[in-house]
Amino acid sequence: MQDATQGHEELLKFGARSLQALQGGRGEPVLILHDVDYVNEWQAFEQLLAARFALTAPSHPGFGASELPPELDSVDDLAYLYLDLLREVGPHHVIGFGFGGWLAAEMAVRCDDDFRSLVLVDAVGIKVGDRLTRDIADTFVLRPADFLKLAWHDAEAGATKMKLASLSELNEKDALTVMRNRETAALFGWNPFMHNPKLASRLSRIRVPTLVLWGESDRIVTPAYGRAFAERIHGAEFRTIANSGHYPHLETPNESAAAVTRFLENQARRQ
């Protein structure tokens, strides 16, 4: 019998769209939206979560092997694309990491009818300081080694776990994926950099149970930024993960999966 906690690649089709996706697990359905500086893979976090939940982790349009139709050129477009997906497949718990957290928040402020709950992990997407304050580190201009120092509690561990051009030994397929991801990230998040100036004021529209989970050592978007995110969402719970930076699901997968599992199971009991 196949181990349900192991992910497998599928072509996720809905309406006229299709996306490369990883799927696995059994239980209540969970949609996972990935970050930008990350190759979408099934790792320890997903395997642990798949013991309790049925996971779908698509590669965003223009990332991985997912096509990028020319009419999709904004975060707004991506938010509606994923809302269309939920409308077709039914309500899901939604987890967004970094850029994926931005997408999840943009979806929820538009329509959260098909959300069972929302988890934002070290999300970007809002402006909390004044116009002269940099809220989000400009990852597009950082050298890989400097990026890891900001993004990871343990930069050396990050160097072994992340696929980064000019730092990691990449095969041709991974190198092309990393470069394509980078190009698409710039399309969707360059100007203004990784945020929507209007999103912060709209977060109060979210009415589904929400967990905002943050790595204590994140210096891409600090825990203070995370608290500001949570404070704008009605009833949101804010939690931090020790010994973790911007990618707690990669750096401390056991602790991160346990925190998410507890939250999702609590919501399942209440529904």
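Here are the criteria: (1) under 19 Å from Gly62 (Cβ atoms); (2) touching a helix residue (DSSP H, G or I) at 6+ places or on another chain (Cβ under 6 Å); (3) in contact (Cβ under 8 Å) with a residue 60 or more places away in the chain. Tell me which single one Leu211 does not satisfy.
For Leu211, the exception is condition (1).
Is it true that some residue in the range 67-84 is in contact with a Cys (Cβ under 9 Å, 6 or more places away or on another chain), modelled with pLDDT of 95 or more and more than 28 Å from Arg219 (Cβ to Cβ)?
Of the range 67-84, the ones in contact with a Cys (Cβ under 9 Å, 6 or more places away or on another chain) are 83.
If we keep only those that are modelled with pLDDT of 95 or more too, we end up with 83.
Okay, now just the ones that are also more than 28 Å from Arg219 (Cβ to Cβ), so 83.
Yes - at least one qualifying residue is present in the range 67-84.
If you check every pair at least six apart or on different chains, which have Cβ atoms under 6 Å apart with a residue in the range 176-200 that is under 23 Å from Gly226 (Cα atoms) and in contact (Cβ under 8 Å) with a residue 40 or more places away in the chain first and a residue that is surrounded by 16 or more Cβ atoms within 10 Å (Cβ to Cβ) and hydrophobic (A, V, I, L, M, F, W, C) second?
As it stands, the answer is Ala185/Val36; Phe188/Val75; Met194/Val124; Met194/Ile136; His195/Ile126; Leu199/Ile126; Ala200/Ile126, since those pairs meet every condition given.
Would you mention how many residues in the range 216-271 are assigned to a loop (DSSP other than H, G, I, E, B) and either small (Gly, Ala, Ser) or within 28 Å of Lys149 (Cα to Cα) (or both)?
Start the filter on the range 216-271 by keeping residues that are assigned to a loop (DSSP other than H, G, I, E, B), which leaves 216-222, 232-236, 242-247, 252, 271.
Then keep just the ones that are either small (Gly, Ala, Ser) or within 28 Å of Lys149 (Cα to Cα) (or both); that gives 216-222, 235-236, 242-247, 252.
Selection size over the range 216-271: 16.
Could you say which residue among Ala165, Ala137, Ala151, Ala200 is among the hydrophobic types (A, V, I, L, M, F, W, C), surrounded by fewer than 14 Cβ atoms within 10 Å (Cβ to Cβ) and touching a Lys or Arg at 6+ places or on another chain (Cβ under 9 Å)? Steps first, please.
Details: Ala137 fails: surrounded by fewer than 14 Cβ atoms within 10 Å (Cβ to Cβ); Ala151 fails: surrounded by fewer than 14 Cβ atoms within 10 Å (Cβ to Cβ); Ala200 fails: surrounded by fewer than 14 Cβ atoms within 10 Å (Cβ to Cβ).
Of the residues listed, the single one that is among the hydrophobic types (A, V, I, L, M, F, W, C), surrounded by fewer than 14 Cβ atoms within 10 Å (Cβ to Cβ) and touching a Lys or Arg at 6+ places or on another chain (Cβ under 9 Å) is Ala165.
With without any contact (Cβ under 8 Å) to a residue 60 or more places away in the chain and either within 19 Å of Ala54 (Cα to Cα) or in contact with a strand residue (DSSP E or B) (Cβ under 8 Å, 6 or more places away or on another chain) (or both) as the only criterion, which of Leu132, Leu83 stands out?
Leu83
To keep it simple, each residue is scored yes or no on (1) within 17 Å of Tyr247 (Cα to Cα); (2) within 12 Å of the chain's Cα centre (by Cα); (3) surrounded by fewer than 24 Cβ atoms within 10 Å (Cβ to Cβ).
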{"residue": "Glu28", "(1), (2), (3)": "no, no, yes"}
{"residue": "Asp35", "(1), (2), (3)": "yes, yes, no"}
{"residue": "Ala44", "(1), (2), (3)": "yes, no, yes"}
{"residue": "Gly64", "(1), (2), (3)": "no, no, yes"}
{"residue": "Pro70", "(1), (2), (3)": "no, no, yes"}
{"residue": "Leu78", "(1), (2), (3)": "no, no, yes"}
{"residue": "Trp102", "(1), (2), (3)": "yes, yes, no"}
{"residue": "Arg110", "(1), (2), (3)": "no, no, yes"}
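What are the residue pairs meeting all of these: first residue in the range 1-23, first residue in contact (Cβ under 8 Å) with a residue 24 or more places away in the chain and closer than 13 Å to Ala50 by Cα, second residue of a type in the set (Val, Ile, Thr) and surrounded by 14 or more Cβ atoms within 10 Å (Cβ to Cβ), Cβ atoms under 6 Å, and 6 or more apart or on different chains?
That search, which allows pairs on different chains as well, returns Gln23/Thr56.
Residues are listed down the side, and each one gets a yes or a no for (1) under 23 Å from Arg182 (Cα atoms); (2) not basic (Lys, Arg):
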site: Leu33; (1), (2): yes, yes
site: Gln47; (1), (2): no, yes
site: Arg52; (1), (2): no, no
site: Val75; (1), (2): yes, yes
site: Tyr82; (1), (2): yes, yes
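Against the definition (closer than 24 Å to Pro248 by Cβ and assigned to a loop (DSSP other than H, G, I, E, B)), how does Gly64 come out, yes or no?
Details: closer than 24 Å to Pro248 by Cβ: yes; assigned to a loop (DSSP other than H, G, I, E, B): yes.
When the stated conditions are applied, Gly64 passes them.
Could you pull out the residue among Lys163, Lys127, Lys173 that is part of a loop (DSSP other than H, G, I, E, B), farther than 15 Å from Asp35 by Cβ and among the charged types (D, E, K, R)? Quick ask: steps written out before the conclusion?
Working: Lys163 fails: farther than 15 Å from Asp35 by Cβ; Lys173 fails: part of a loop (DSSP other than H, G, I, E, B).
Result: Lys127 is the single residue among Lys163, Lys127, Lys173 that is part of a loop (DSSP other than H, G, I, E, B), farther than 15 Å from Asp35 by Cβ and among the charged types (D, E, K, R).
Anything in the range 187-215 that is within 16 Å of the chain's Cα centre (by Cα) and either assigned to a helix (DSSP H, G or I) or of a type in the set (Ser, Thr, Tyr) (or both)? List them, or say none.
Phe188, Gly189, Thr210
For Ser117, only one of the following conditions fails: (1) farther than 25 Å from Ala200 by Cα; (2) among the small types (Gly, Ala, Ser); (3) surrounded by 15 or more Cβ atoms within 10 Å (Cβ to Cβ); (4) at pLDDT 95 or above. What is its number?
Only one criterion is unmet by Ser117, namely (1).
Identify the single condition in (1) closer than 28 Å to Thr139 by Cβ; (2) of a type outside the set (Gly, Ala, Ser); (3) surrounded by fewer than 23 Cβ atoms within 10 Å (Cβ to Cβ); (4) out of contact with any Gly (no Cβ under 8 Å at 6 or more places or on another chain) that Glu10 does not satisfy, given that it satisfies every other one.
(1)
Within the range 124-132, identify whether any single residue is at pLDDT 95 or above, among the basic types (Lys, Arg) and within 30 Å of Ala258 (Cα to Cα), and answer yes or no.
For the range 124-132, residues at pLDDT 95 or above, among the basic types (Lys, Arg) and within 30 Å of Ala258 (Cα to Cα): present.
The values are calculated or read from the model by the stated rules, or taken from the named source; none is laboratory data. Predicted model, so just to flag it, every value in this text is computed and none were measured. Here Cβ is always computed from backbone atoms with ideal geometry, including for glycine, and neighbour counts include all displayed protein chains.
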